[in-house]
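Right, one structure below, let's go through it.
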Amino acid sequence: MNENIVSFVYLIAGVLFTLGIKGLTKPKTAVRGNMLSALGMLIAVVVTLVNMNTIDYTFIVAGFAVGSIIGSIMALRIQMTSMPQMVALLNGFGGGASLTIALAEYYTKLGVTPASFAELLNPVVVDGSAFGAGPEGTVALVAIGLTVLIGALTLTGSLVAFAKLQELMKNSYGLPGGPVGNALFLTVALVAVALVVVEPGNVAAMVAVVALALLLGLFLVMPIGGADMPVVIALLNSYSGIAAALAGFILGNTVLIIAGSLVGTSGLILTRIMCVAMNRSLANVLFGKMAAGGESIDADEVYAGKVTSAQPDEVAMLLETAQRVVIVPGYGMAMAQAQHAVRELADAMEAKGVEVEYGIHPVAGRMPGHMNVLLAEAEVPYDNLVEMDRINPTFEDTDVVIVIGANDVTNPMARDVEGSPIYGMPILNVDKAKTVVVIKRSLSPGFAGLPNPLFAMDHTLMVYGDGKKAVVEMTTALNQA
């Protein structure tokens, strides 16, 4: 195929990627944006394969078939509550793909064709002249080394993030010295990359890069507390994009560079937004220092004899006389799949003249935008979703706040208790409202593992039970009032 035609098609694919990301910024255009991005990638893949005349399609077709089956099953069976874990895994797969591309290119250039996995780790020095001695050879080696480093780091870091989100990993481990230890570890890995660049045939240095990067991914993410996982997911997403862009340089594929760069930069922007929302430093995220588990706090001291419970019909009586109500959703709403019931409750209140808005914390749930996606699925008007900075000043004038499944993002300890693992994280100041209704199965802690003093305040009513059932009962009682 003519190279000019290929370049033009790649340009079209790049435009589709950009339009797709632009569409994802708003719920109304998100589906269209997703389809545009997918179309762009389909065009890019087809043109790339057609342009490679000497390729054997056997393994490609087999990989396409197996990947399509696995991907379809995962997409059809995954619940919205497990979407953060899914995103973490996909980030890891992206990093792993870039890692294998870089290693394959490296060993192919060296003319090494190992018959077994063990031979890949054979620490020998072979002829590396195939990379050339000029600037092009140096750039290729730098791209390979950095792709291996970032791809391997993303792979293990994403697997740890998945394990934490799935609650398979409860304890936190890390290198001595925290960020300093991670920085030293990264420095050693970069030295190993430099050795590969200086002496391309030094297979032992490449093996060291792989091993160090895999370990660094573990040590960066393992110490991070569960409440900070949304930031970690955004950062790992950026890493996977950067690794893909570097893989594009290795393969000389323009569209891979474009796609990876878009993912990498948008991921960094999102990480920055998340850092601001959680009062975290980007440097701390990069080197794995965020809110760790901290010392345990006795829940009995916080709650003892101070919690007031209520029934859904009692809450309905409050809602009937309220003028303004703010609904604050959290991960518990996702677990209960109560988003449609919440919208119906809001409709019932609005039918009685109540002003209803939704207070959205940027990191509510377990990934950025989790609550926005759920409420958009329930066809809640996007204009009713109010960001934290705009909703917080209004709580003092709010008659009732309904907190459904949100915990850490409403915990006053983040504002008032220095030394708390979440201290300094901006929260929704729901405790400033006249009455707070919390719908929750129990007094169990949130993902940060901390009790919530909000639940024990005098103006807070706890409605225990399944979130969806409780909201439906409130709606029924309100309609019958």
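The values are calculated or read from the model by the stated rules, or taken from the named source; none is laboratory data. On a predicted model such as this, the values are computed, not experimentally measured, just so you know. For neighbour counting, all protein chains shown are included, and Cβ atoms are generated from backbone atoms with ideal geometry for every residue, glycine included. What goes into the accessible areas is simple: the full protein's heavy atoms, side chains included, and nothing from ligands, DNA or RNA. Shrake-Rupley method; radii C 1.70, N 1.55, O 1.52, S 1.80 Å.
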Note to self: I need the full set of residues from the range 189-211 which are among the small types (Gly, Ala, Ser) and assigned to a helix (DSSP H, G or I), in order please.
What the structure shows: ALA189, ALA192, ALA194, ALA204, ALA205, ALA208, ALA211
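Here is a yes/no grid of residues against (1) of a type outside the set (Lys, Arg); (2) part of a helix (DSSP H, G or I); (3) touching a Cys at 6+ places or on another chain (Cβ under 6 Å); (4) not assigned by the TED database to the domain that holds GLY267:
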| position | (1), (2), (3), (4) |
| --- | --- |
| ALA13 | yes, yes, no, yes |
| ILE21 | yes, yes, no, yes |
| LYS28 | no, yes, no, yes |
| VAL31 | yes, yes, no, yes |
| MET35 | yes, yes, no, yes |
| LEU39 | yes, yes, no, yes |
| LEU42 | yes, yes, no, yes |
| VAL50 | yes, yes, no, yes |
| ASN53 | yes, no, no, yes |
Notebook entry, point to check: So which of VAL188, VAL193 ends up being farther than 19 Å from SER158 by Cα, free of Cβ contacts under 8 Å to residues at least 40 places away in the same chain and not small (Gly, Ala, Ser)?
Noted result: VAL188
Note to self: What's the number of the only condition in (1) basic (Lys, Arg); (2) over 16 Å from ASP313 (Cα atoms); (3) at pLDDT 90 or above that ARG441 fails to meet?
What the structure shows: (3)
Next item on the list: Return only the number of the condition from (1) touching a residue at least 24 places away in the same chain (Cβ under 8 Å); (2) part of a loop (DSSP other than H, G, I, E, B) that PRO176 does not satisfy.
Entry: (1)
Note to self: Can you go through VAL430, VAL409, VAL417, VAL472 and tell me which one is of a type in the set (A, V, I, L, M), buried (at least 19 other Cβ atoms within 10 Å of the Cβ), in the same structural domain as ARG324 (by the TED database) and more than 24 Å from ALA234 (Cα to Cα)?
What the structure shows: VAL430
Notebook entry, point to check: Among the residues of the range 3-19, is any without any contact (Cβ under 8 Å) to a residue 40 or more places away in the chain, of a type in the set (S, T, N, Q) and loosely packed, with under 13 Cβ neighbours inside 10 Å?
Noted result: yes
Check: Looking at THR254, is it surrounded by fewer than 21 Cβ atoms within 10 Å (Cβ to Cβ), modelled with pLDDT of 90 or more and more than 23 Å from ASN411 (Cβ to Cβ)?
Finding: no
Note to self: For the condition of a type outside the set (Lys, Arg), more than 19 Å from ALA338 (Cα to Cα) and not assigned by the TED database to the domain that holds PRO223, what is the one hit in GLY449, GLY465?
What the structure shows: GLY449
Checklist line | Those residues of the range 319-366 which are more than 21 Å from SER444 (Cβ to Cβ) and of a type in the set (Phe, Trp, Tyr), in sequence order | finding: TYR358
Checklist line | Residues satisfying the stated conditions in the range 335-367, i.e. open to solvent by less than 30 Å² (accessible area, probe 1.4 Å) and modelled with pLDDT under 85 | finding: VAL363, ALA364, GLY365, ARG366, MET367
Notebook entry, point to check: So which residues in the range 257-267 are within 13 Å of ALA234 (Cα to Cα), modelled with pLDDT of 90 or more and open to solvent by 20 Å² or more (accessible area, probe 1.4 Å), if there are any at all?
Noted result: VAL263, THR265
Next item on the list: Among the residues of the range 20-34, count how many are open to solvent by 60 Å² or more (accessible area, probe 1.4 Å) and over 18 Å from LEU256 (Cα atoms).
Entry: 7
Check: Only one of these conditions is not met by SER442: (1) at positive phi; (2) of a type in the set (Gly, Ala, Ser); (3) open to solvent by 30 Å² or more (accessible area, probe 1.4 Å). Which number is it?
Finding: (1)
Item checked: Pairs where the first residue, in the range 310-329, is closer than 9 Å to VAL400 by Cβ and the second is of a type in the set (Gly, Ala, Ser), C-beta under 6 Å, 6+ apart -> VAL326/GLY359
Checklist line | Answer residue from the range 40-89, given it is open to solvent by 80 Å² or more (accessible area, probe 1.4 Å) and either in contact with a Leu (Cβ under 6 Å, 6 or more places away or on another chain) or of a type in the set (D, E, K, R) (or both) and is modelled with the lowest pLDDT among those | finding: ASP56
